[in-house]
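One structure below.
All of the numbers you see were taken from the coordinates with simple rules; none came from a lab. Remember, predicted model here, so these are calculated numbers, not experimental data.
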Amino acid sequence: MGDVEKALRRILNQKDIIGLLLIDQDGNILRNTIPVEHAEKYTTEIPALIIMVRSAVREIECKEDLTMMRIRSRKHEMMIVVDEKFTLMVLQEYPGFWIEPPPLPPTPQRDSDDDYDNDDE
């Protein structure tokens, strides 16, 4: 087993890792451990996102380049490592990021609507 395979296996053995996707610079899937329909969607969308973020990084600091980005959603965290030859995306569960708001307190019940009538007789 090569060093790359060992590194990928070590990543996959980490807690809360859902899977990974490794694509080349042409958008071909080299390694995939997530459902195929998700992998195809990520393969389509991630390169465009990388171009936009890379442009923003260069606009802010012209000598810098994008090497990694982290995106969090309600349920997942996506870590994307960008290289000249490939892009590695690791998807992990992130249960601590989205905390459900506490339930609303119960509305107090009234005995009747008679207490609120305005009797100005």
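With the Cα gyration tensor of the range 19-86 in hand, convert its eigenvalues to equivalent ellipsoid semi-axes via √(5λ) and list them largest first in whole Å.
22, 14, 10
Which residues' amide hydrogens lie under 5 Å from the amide hydrogen of ILE34, considering only partners 5 or more residues apart or on another chain, with H built in the peptide plane?
LEU20
If you plug each phi of the range 43-60 into the Karplus form 6.51 cos²θ - 1.76 cosθ + 1.60 with θ = phi - 60°, what whole-Hz ³J(HN,Hα) values come out, in order, with x for Gly and Pro?
My calculation for the range 43-60 gives 4, 7, 8, 4, x, 5, 5, 4, 4, 5, 5, 4, 4, 5, 4, 5, 5, 6 Hz in order.
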